[in-house]
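Encoded as C-alpha cells, the structure appears first; notes follow it.
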Amino acid sequence: MSPADEFAVLLRSIRNCRVCETSLPPLPHPAQPICMASAHSKIRIISQAPGNLADKKGLPFYDPSGVRLRDWLGVNEAQFYNVDNFAITPVGFCFPGYDKNGGDLPPRPECAPLWQSRLDTELRDIPLTLLVGGYAQKWVLGKAAKRTLTETVRNWRDYGPDILPLPHPSWRNNGWIKKHNWFEDVLSHLKDRVADLVK
C-alpha cells in the first residue's frame, strides 16, 4: 500500500470512528467526526472541536469563528477548504455539546489519544501548525505551554517557525482581542507565513 493510500485509510478510519457514542456523557447528536487533510497540506490547524454549525454542515469552522479565522489567515473560503492548503485536525473530531452556560464543552477525551499521534506521523513534514485555543496548545505543547493561553500566545516566538499558538476566534474572545493590542503583531506574522505557503 502506498503512503497516499495509507493516509486515505487513516482519514476514513477517523471519519468512521464511533468510540465516543458508547461513552458518557453522551454526545448531543450522533457522532460525525470532522477532519480535513491531504498528503499535500501545507498548514495544519489543530483546534478544539467542531461547533454546532460545523457539525450540522459537516465542515470545520463553518460558522462566525471560521469567518474570523479566515480573516486572520488572509484567505478566502475556497482556499481554506482546499485540503492541499489546510489540514484541519481538531483535538476532538465531534461536536461535544454545550455546557450549562451555553459554551461548547471540552473536546471528548477519547479522541486525541486515538488519532493525533497517527496524524502527527502522516503530517510530520507540514511547515506550519497552528494551535487554535487552549486545548490544542495543552495537547501539543504539554509542559512547554505557558501558565495561561495569553502567556503562550504572547510568547509565540518560543515555539519556532513551525508552530504558532493562537486564541480561539470565537466571539467569546472579543474582549481578549481588544485588550491585547500586541496580538496584531502575531496576526501580521501569521498572514505573512500563510501568504508564503498558500497560493
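Out of the range 8-44, which residues are surrounded by 11 or more Cβ atoms within 10 Å (Cβ to Cβ), assigned to a loop (DSSP other than H, G, I, E, B) and among the polar types (S, T, N, Q)?
Those that are surrounded by 11 or more Cβ atoms within 10 Å (Cβ to Cβ), assigned to a loop (DSSP other than H, G, I, E, B) and among the polar types (S, T, N, Q): Ser23, Gln32, Ser38, Ser41.
Only one of these is assigned to a helix (DSSP H, G or I), acidic (Asp, Glu) and more than 23 Å from Leu105 (Cβ to Cβ): Asp5, Asp55. Name it. Write out each step before concluding.
Details: Asp55 fails: more than 23 Å from Leu105 (Cβ to Cβ).
From the options Asp5, Asp55, the qualifying one is Asp5.
Please identify the pairs in which a residue from the range 9-27 that is at pLDDT 95 or above has its Cβ atom under 7 Å from the Cβ atom of a residue that is basic (Lys, Arg), counting only partners at least 6 apart or on another chain.
The qualifying pairs are Leu10/Arg118.
Return the residues of the range 104-146 that are assigned to a helix (DSSP H, G or I), in contact (Cβ under 8 Å) with a residue 12 or more places away in the chain and either touching a strand residue (DSSP E or B) at 6+ places or on another chain (Cβ under 6 Å) or acidic (Asp, Glu) (or both); say none if nothing qualifies.
Glu122, Ala136, Gln137, Val140
For the structure I just gave you, tell me whether Pro30 is within 16 Å of the chain's Cα centre (by Cα), modelled with pLDDT under 95, over 18 Å from Phe7 (Cβ atoms) and not charged (D, E, K, R). Give the steps one after another, and end with the answer.
Details: within 16 Å of the chain's Cα centre (by Cα): no; modelled with pLDDT under 95: yes; over 18 Å from Phe7 (Cβ atoms): yes; not charged (D, E, K, R): yes.
Answer is no for this residue.
Can you name every residue in the range 140-199 that is within 18 Å of the chain's Cα centre (by Cα), within 20 Å of Ile43 (Cβ to Cβ) and aliphatic (A, V, I, L, M)?
Across the range 140-199, the qualifying residues are Val140, Leu141, Val153, Ile163, Leu164, Leu166, Val186, Leu187, Leu190, Val194, Leu197, Val198.
The values are calculated or read from the model by the stated rules, or taken from the named source; none is laboratory data. Bear in mind the structure is a predicted one, so any value in this text is a computation, not a measurement. Here Cβ is always computed from backbone atoms with ideal geometry, including for glycine, and neighbour counts include all displayed protein chains.
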